[in-house]
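Beneath this line is the structure, given in structure tokens, with notes to follow.
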Amino acid sequence: MTRDFLFTTWEGGGNVPPTLGAVRRLVERGHRVRVLADDAMQAGVTAMGATFVPWLRAPNRIDRTRESDTLRDWEAEGEGGGLIRVLERICFGPAAAYATDTMEELRRHPADVIVSCDLLFGPMIAAEATATKLAVFAPNISLFHPIPGVPPVGPGMPPPTTPEEHAQAEAIRAWFANAMAAQLPVLNAARAEFGLRPLADAFDQPARADRVLLATSHAFDFPALRLPPTVRYVGPLHDQPLWVGNWASPWQDDPRPLILVALSSTFQNQAATVQAVLDAAATLPVRVLATRGPGLAGTEFRVPANAVVVDAAPHDEVMRESSLVVTHCGHGTIMRAIAHGLPMLGLPMGRDQNDNAARIVARRAGLRLTPDAEPEAIRAALTTLLADTQFAASAKHLRAAIAAAEPATALVDELETLATCPPHCAAA
């Protein structure tokens with residue numbers, strides 16, 4: 001039976017391809033899908049066969065340049081400053097505006113299910129106010145749903161084993177809880193505009209969702225002691241952005257290993273890191289392909305003789321020829337590298353990247369350095385990753401584990417079940 005799904009999301013870079021992948025899968029199942037999103041996503045939405053609806057009151061990026069970036073987390077100062085910006089500028093600050101736009105779209109055309117990006121609390125308010133079923137879609141590990149046994153997000157901790165590590169984990173949880181508590185008055189003010197009672201804890205807003213769908217794999221995540229009843233792992237979605245274009249290798253019959261350098265499609269002030277990687281690889285017997293992405297469009301680099309820098313390239317095609325990936329540890333890039341069985345050098349810059357890197361290192365599928373690492377340290381890491389075959393073997397083992405963990409149809413199956421089940425069936 002055909003159902004109506006309303007996606008609510010934003011142009012945040014790595015969240016876009018898996019969101020459009022989810023949209024495409026529902027459309028291919030014969031469902032009607034609308035996507036309430038930034039203007040920068042219009043072409044992608046329509047290419048998936050869905051109906052695009054722009055944000056009117058909520059923040060709306062017209063393109064993918066850094067000038068239009070709502071978050072601008074590269075300007076954040078102090079420990080945890082990037083997360084505070086996410087809370088203030090995406091999750092809570094514009095929540096009432098996001099809720100108003102979502103409510104107006106629901107009045108125009110109701111939906112069986114709202115599928116909201118995990119960072120947008122406003123559409124969650126609209127779903128609650130209209131008694132519309134809600135699925136929170138997280139194109140990454142869980143950010144707002146603490147999972148027993150899984151370390152708190154932020155600095156990229158492995159599961160604690162010592163008393164000191166447990167104390168550190170508790171301190172991180174307390175810091176995150178305080179940061180969320182500071183936003184509670186803003187959230188409750190937005191809720192009051194729609195006749196909803198105040199919450200005692202900001203975490204309670206996403207916890208009211210009927211489903212929380214994590215577009216990652218439990219084989220990638222750290223082991224959970226138990227899952228909250230509404231949380232589901234639905235596996236990674238490997239859709240590529242439409243803007244990647246085509247790529248023709250400039251190397252013919254070259255036996256040197258190929259290294260793909262892909263440090264985010266969004267601007268994270270990463271140009272110096274890209275240059276350090278190019279400098280590090282310049283004297284190694286390798287080939288290097290570095291992609292700028294929209295965030296670094298037009299940026300010039302000192303390019304050594306064994307390297308090529310392009311604006312974009314389809315990573316699946318490049319990875320089929322690659323031996324190693326250098327990445328900022330965005331979830332999408334990591335999942336794609338794993339799908340090709342490739343080891344990684346992680347240079348995480350913030351957001352969820354430290355936590356993704358921690359999972360790669362824990363499984364010995366890669367190494368991790370800071371984004372300000374010197375070329376000498378990067379060169380040593382690249383040499384180790386290429387010489388030690390255990391890293392590639394571990395990446396291939398992880399690929400097999402993820403492939404076996406969740407069925408390819410898990411996401412759509414969960415959404416269809418939610419759309420057809422009676423009220424209050426979500427946790428069943």
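Please treat every number below as a calculation from the coordinates, not as lab data. Predicted model only: the values in this text are computed from it and were never measured. Because the Cβ atoms are built from the backbone with ideal geometry, glycine has one as well, and the counts that use them run over all protein chains shown.
The residues Thr132, Thr8, when put in order of fewest to most other Cβ atoms within 10 Å, stand as Thr132, Thr8.
What is the distance in Å between the Cα centroid of region 218-247 and that of region 307-378? About 16 Å separates the Cα centre of region 218-247 from the one of region 307-378.
Tally the DSSP beta bridges in the chain and give the antiparallel ones as a percent, rounded to 5.
Details: 0 of 45 bridges.
Expressed as a percentage, antiparallel bridges in the chain total about 0.
Between the listed residues Gly350, Asn269, Leu296, the Cα displaced farthest toward the positive end of the dipole of region 245-404, a dipole computed from Cβ unit charges relative to the Cα centre, is found at Gly350.
For the chain, the 222 nm mean residue ellipticity estimated from helices alone, with every DSSP H stretch of n ≥ 4 adding -39500 (n - 2.57) and the total spread over all residues, rounds to -11500 deg cm²/dmol. Using a/c under 1.5 as the rounded threshold, could you call region 250-297 rounded, prolate or oblate? The axes a ≥ b ≥ c are square roots of the C-alpha gyration tensor eigenvalues, and prolate needs a/b larger than b/c, oblate otherwise. In terms of gyration-tensor shape, oblate.
Between Thr130 and Thr420, what FRET efficiency comes out of the Förster formula 1/(1 + (r/R0)^6) with R0 = 22 Å and r the beta carbon distance, rounded to 0.05? Walk me through the numbers before you get to the answer.
Details: r = 19 Å, r/R0 = 0.84.
It comes to 0.75.
With the highest mean first, a sort of the peptides 252-262, 147-157 on other beta-carbon atoms found within 10 angstrom per residue produces 147-157, 252-262.
Just check region 245-404 against the gyration tensor rule for me: Cα atoms, a ≥ b ≥ c as the square roots of the eigenvalues, rounded for a/c under 1.5, and otherwise prolate or oblate depending on whether a/b exceeds b/c. In terms of gyration-tensor shape, rounded.
Farthest toward the positive end of the dipole of region 1-99, out of Met48, Trp74, Leu87, is the Cα of Met48, where the dipole comes from beta carbon charges about the Cα centre. By the beta-carbon count within 10 Å of each Cβ, the least crowded to most crowded order of Phe144, Phe137, Phe121, fewest first, is Phe144, Phe137, Phe121. The length gained on full extension between Glu170 and Ile62, counted as 0.36 nm times the residue separation minus their Cα-Cα distance, comes to 34.9 nm. Sorting 204-212, 188-196 by average packing, meaning the other beta carbons within 10 Å per residue, from highest down gives 204-212, 188-196. Here the chain is described by how far its Cα atoms reach on the three principal axes: 64, 51, 41 Å, from widest to narrowest. Per-residue packing, averaged as other Cβ atoms within 10 Å, sorts the ranges 390-400, 288-298 into the order 288-298, 390-400, beginning with the highest.
Ranked from largest, the principal axis spans of the Cα set of region 353-428 equal 60, 27, 16 Å.
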